[in-house]
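Undergrad: Questions regarding the structure given below will be posed in turn.
The values are calculated or read from the model by the stated rules, or taken from the named source; none is laboratory data. Bear in mind that the values here come from a model prediction, so they are computed numbers and not experimental data. Note that we place each Cβ from the backbone using ideal geometry, even for glycine, and neighbour counts take in every protein chain shown.
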Ligand code: PHE
């Protein structure tokens, strides 16, 4: 199949925007703060940053290299680059991870959609802070409402993916992502001047290593994979639509920098507000949905601000959900020869069905999230690293890295991290957590 039939980005900028759109999502604004809150704050953040640099960056580079060198979906990429052996299995695990993650991702995006519509229709005005708090509990204790919002979000995702490699999404990202950043900066100003800002900041930024356990180290690693969309082939797929002229080093660093700054920014906004309103930082998945509306309530134009914020959050979630569904669809289109429209609806429909148990039971939700982010993604990333570092012919990997005309800046550092640091770190953390190293 030639690259024209598969579609491609308009160029490096298009790729950076789409990949950043995949990376920046609920993972940054919803998942990062509550995982950091539950994992002990400052020490967690430090481990997270270490995981991003030493594991995330090299694996992100290798996914893009593998995708760009083979111009295939994750399963096809392994097959094309390895010839024989069980390597395509890694691609299959990725497709399954796409199913699992998007199933509950759609539920959370549905919450955001519900907040957006409630705020936009004026439903927040006149609420007091107790009512605002119980709004989240009411929503999450109603399976029907959650499933309905989740369905709506999934239909939006399917509609975009079924249309193909999208001029629309690229163009919308150019406007809406900077708007999200700007909005977070405004909220930052508000948060930093709130009453107990310092207390919140010291929880978020001051490392207290006595709070750090292997469980929270694993959570930090899982969060790095989740937030950078790694370990399941989303970046292989997006890399497969990238033209082969220049080095991948710069676009990858840009993506990582954007993703990480949005997550840190979200933490800088949330934790001062958590302290000021005396909320519990380790309260779990409801954190952002409870904290921010409390703040909006105390600002002028509550409904407008809340609608704007949740609108941007829904959009950020959409660009991530698209990449999750795209992995499944690219696989069905390339390997099963389905049409894009058919694959989008069938894949999206099955994923929606798989998400229903997550809407009904928070236990199932938590389980699906942990299996995906703490087992499937690190395991997938581990094998991707091994493959690109040790199995793929060196000249193919090198050419995939630099492109036809690009340079080899950072190449040897990347290769070193990929061969020794990333796989060893991931293996130790995984083994520690299943108790094999005790
Ligand atoms: N990175 C996305 C987020 O932070 C989620 C995601 C995970 C997307 C894995 C694709 C693959 O919201």
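Undergrad: Examine the stretch 147-159 for a residue that is surrounded by 19 or more Cβ atoms within 10 Å (Cβ to Cβ), over 25 Å from residue 238 (Cβ atoms) and touching a residue at least 24 places away in the same chain (Cβ under 8 Å), and state whether such a residue exists.
TA: Yes: one or more hits.
Undergrad: Here is a list: 312, 354, 350, 324. Which entry is surrounded by fewer than 20 Cβ atoms within 10 Å (Cβ to Cβ) and within 16 Å of the ligand (Cβ to nearest atom)? Spell out the reasoning first.
TA: Working: 312 fails: surrounded by fewer than 20 Cβ atoms within 10 Å (Cβ to Cβ); 350 fails: within 16 Å of the ligand (Cβ to nearest atom); 324 fails: surrounded by fewer than 20 Cβ atoms within 10 Å (Cβ to Cβ).
Only one candidate qualifies: 354.
Undergrad: Can you list residue pairs whose Cβ atoms sit under 8 Å apart, with the first residue in the stretch 391-403 being under 12 Å from residue 82 (Cα atoms) and the second being not in a helix (DSSP H, G or I)? Count only pairs 6 or more apart in sequence or on different chains.
TA: Cβ pairs passing all conditions: 391/87.
Undergrad: Looking at the stretch 27-44 only, could you name the residues that are within 16 Å of the ligand (Cβ to nearest atom) and closer than 18 Å to residue 274 by Cβ? Walk me through it before giving the result.
TA: Initially, the stretch 27-44 is screened for residues within 16 Å of the ligand (Cβ to nearest atom), giving 27-36.
Matches in the stretch 27-44: 28, 29, 30, 31, 32, 33, 34, 35, 36.
Undergrad: Here is a list: 122, 86, 76. Which entry is modelled with pLDDT under 95 and at positive phi?
TA: 122
Undergrad: Modelled with pLDDT of 90 or more, within 23 Å of residue 430 (Cβ to Cβ) and either in contact with a strand residue (DSSP E or B) (Cβ under 7 Å, 6 or more places away or on another chain) or surrounded by 24 or more Cβ atoms within 10 Å (Cβ to Cβ) (or both) - does that describe any residue in the stretch 17-26? Show your work before the answer.
TA: Our first condition is that a residue be modelled with pLDDT of 90 or more; within the stretch 17-26, this holds for 19-26.
From what's left, within 23 Å of residue 430 (Cβ to Cβ): 23.
Filter again for either in contact with a strand residue (DSSP E or B) (Cβ under 7 Å, 6 or more places away or on another chain) or surrounded by 24 or more Cβ atoms within 10 Å (Cβ to Cβ) (or both), leaving 23.
Yes, the conditions are met somewhere in the stretch 17-26.
Undergrad: I'd like to check which helices (runs of 4 or more DSSP H) are fully inside the stretch 185-258 and have at least 2 residues that are in contact (Cβ under 8 Å) with a residue 12 or more places away in the chain and more than 16 Å from the ligand (Cβ to nearest atom). Step through it out loud before you land on a result.
TA: Details: elements: 197-205, 214-227, 234-239.
Helices (runs of 4 or more DSSP H) meeting the threshold: 197-205, 214-227.
Undergrad: In the stretch 79-89, is there at least one residue being surrounded by 24 or more Cβ atoms within 10 Å (Cβ to Cβ) and either more than 16 Å from the ligand (Cβ to nearest atom) or part of a helix (DSSP H, G or I) (or both)? Walk me through it before giving the result.
TA: First pass over the stretch 79-89, keeping only residues surrounded by 24 or more Cβ atoms within 10 Å (Cβ to Cβ): none.
Checked against the condition, which is being surrounded by 24 or more Cβ atoms within 10 Å (Cβ to Cβ) and either more than 16 Å from the ligand (Cβ to nearest atom) or part of a helix (DSSP H, G or I) (or both), the stretch 79-89 yields no hits at all.
Undergrad: Look through 5, 51, 69 and report the one residue that is in a helix (DSSP H, G or I), under 18 Å from residue 388 (Cα atoms) and either at pLDDT 95 or above or away from the ligand (no atom under 16 Å from the Cβ) (or both). Lay out the reasoning, then the answer.
TA: On the way: 5 fails: under 18 Å from residue 388 (Cα atoms); 51 fails: under 18 Å from residue 388 (Cα atoms).
Every option except 69 fails the conditions.
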